[in-house]
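Here the structure comes first, spelled out in structure tokens, and everything after it is commentary.
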Amino acid sequence: AIADYQFFLVDRILYVILFPVLALLISPFADWITATLIDRLGPVAHPLQAGTGWMLAAVTLLQIAWIDFMLYYIHYLFHKVPALWEFHKVHHSAEGMTQPTAYRMHPFELFFNMNVTAIGTALLVGVLGYLTGSTDGTHPELRILGINVVQFAFYVIGFNLRHSHVPLGYGPVISQVFVSPWMHQVHHSRETRHFDKNMGFIFSFWDRMFGT
């Protein structure tokens, strides 16, 4: 637990320092992608209506699905690529699961995740800007306290129990879509049959689609 607290303090300090820098880079990169698409392909003849209800719902789901897929694939690489596993095994070194174990992360992995997801987010925003004819890098998305509404709900419903001894499951229906705390606890199992399983962050269907 003491190691978890130490990682929490170091990583939160690094997060505060690095996140503003990455956040500032997303918008210019997205604008560059939009401008490049317009230059190469020409403007969209009939842009999608960014303000409609269906577009708002679609972009909200697309945004969180894209980010979650990136997190899944990054997690997959950190398990499968030996050099990356050297960093990720820090997270799996915990012999007991407590809520702060979520923050037991090597600073390199934190930095890597933030950079890749920032670039991926900018890519999505840039493409959406092109499809909607937006020139200011904005796109609609349902948010609560600045967080995607699906991600916010996921955080509220049991996220902090993922790294704990509390075996909270979502049942056979909801677990087809969302990763429950119990499912992620299996990911940390010491049993060989559970190695490299349940790598999803929010959505569980990535694991079924890719055999993990």
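The values are calculated or read from the model by the stated rules, or taken from the named source; none is laboratory data. Everything numeric in this text was worked out from a predicted model, so none of it was measured. No Cβ is skipped: glycine too gets one built from the backbone with ideal geometry, and neighbour counts run over all protein chains shown. Accessible surface is based on the protein model in full, side chains and every heavy atom, while ligands, DNA and RNA are left aside. Shrake-Rupley method; radii C 1.70, N 1.55, O 1.52, S 1.80 Å.
Can you pull out every residue in the range 199-210 that is open to solvent by less than 40 Å² (accessible area, probe 1.4 Å) and closer than 15 Å to HIS79 by Cβ?
So the first thing to find is which residues in the range 199-210 are open to solvent by less than 40 Å² (accessible area, probe 1.4 Å), and the list is 199-200, 202-204, 206-207.
Correct list: MET199, GLY200, TRP206, ASP207.
Being within 17 Å of GLY120 (Cα to Cα) and surrounded by 12 or more Cβ atoms within 10 Å (Cβ to Cβ): is that true of MET55 here?
Numbers: within 17 Å of GLY120 (Cα to Cα): no; surrounded by 12 or more Cβ atoms within 10 Å (Cβ to Cβ): yes.
No; evaluated as a whole, the condition is false for this residue.
Can you tell me which condition VAL166 does not meet? The list is (1) within 27 Å of PRO28 (Cβ to Cβ); (2) of a type in the set (A, V, I, L, M, F, W, C); (3) over 21 Å from the mean Cα position of the chain (by Cα), and all the others hold.
All conditions pass for VAL166, except number (1).
Cβ contacts < 8 Å: first residue farther than 12 Å from ALA118 by Cβ, restricted to the range 13-38; second residue open to solvent by 60 Å² or more (accessible area, probe 1.4 Å) and part of a helix (DSSP H, G or I), any location; separation 6+ or different chain. Result?
If the second residue must be open to solvent by 60 Å² or more (accessible area, probe 1.4 Å) and part of a helix (DSSP H, G or I), the pairs left are LEU14/PHE111; ILE33/LEU123.
Among the candidates ILE13, ILE38, ILE17, single out the residue that is open to solvent by 40 Å² or more (accessible area, probe 1.4 Å), touching a Phe, Trp or Tyr at 6+ places or on another chain (Cβ under 7 Å) and part of a helix (DSSP H, G or I). Write out each step before concluding.
Details: ILE13 fails: touching a Phe, Trp or Tyr at 6+ places or on another chain (Cβ under 7 Å); ILE17 fails: touching a Phe, Trp or Tyr at 6+ places or on another chain (Cβ under 7 Å).
Selected residue: ILE38, the only one of ILE13, ILE38, ILE17 that is open to solvent by 40 Å² or more (accessible area, probe 1.4 Å), touching a Phe, Trp or Tyr at 6+ places or on another chain (Cβ under 7 Å) and part of a helix (DSSP H, G or I).
Pairs, please: C-beta under 7 Å, at least 6 apart or cross-chain, first residue under 20 Å from LEU77 (Cα atoms) and touching a residue at least 12 places away in the same chain (Cβ under 8 Å) and in the range 96-108, second open to solvent by 50 Å² or more (accessible area, probe 1.4 Å) and among the β-branched types (Val, Ile, Thr)?
PRO107/VAL10
Considering the range 172-198 alone, what residues qualify as being within 18 Å of VAL150 (Cα to Cα), in contact (Cβ under 8 Å) with a residue 24 or more places away in the chain and open to solvent by 40 Å² or more (accessible area, probe 1.4 Å)?
Listed by number, the residues that qualify are GLN176, VAL177, PHE178.
Against the conditions (1) touching a residue at least 60 places away in the same chain (Cβ under 8 Å); (2) in a loop (DSSP other than H, G, I, E, B), where does ILE64 fall short? Just the number, please.
If we test ILE64 against (1) touching a residue at least 60 places away in the same chain (Cβ under 8 Å); (2) in a loop (DSSP other than H, G, I, E, B), just (2) comes out false.
Which of the residues that make up the range 20-35 are in contact with a Gly (Cβ under 8 Å, 6 or more places away or on another chain) and either basic (Lys, Arg) or open to solvent by less than 90 Å² (accessible area, probe 1.4 Å) (or both)? Don't jump to the end; show me each part of the working.
Applying the first criterion (in contact with a Gly (Cβ under 8 Å, 6 or more places away or on another chain)) to the range 20-35 yields 27, 29-34.
Within the range 20-35, SER27, PHE29, ALA30, ASP31, ILE33, THR34 meet the criteria.
Return the pairs, sorted by first residue and then second, in which the second residue is among the hydroxyl-bearing types (Ser, Thr, Tyr) and open to solvent by 50 Å² or more (accessible area, probe 1.4 Å), the first residue lies in the range 144-166 and is under 15 Å from TRP182 (Cα atoms), the beta carbons are less than 7 Å apart, and the residues are 6+ apart or on different chains.
none
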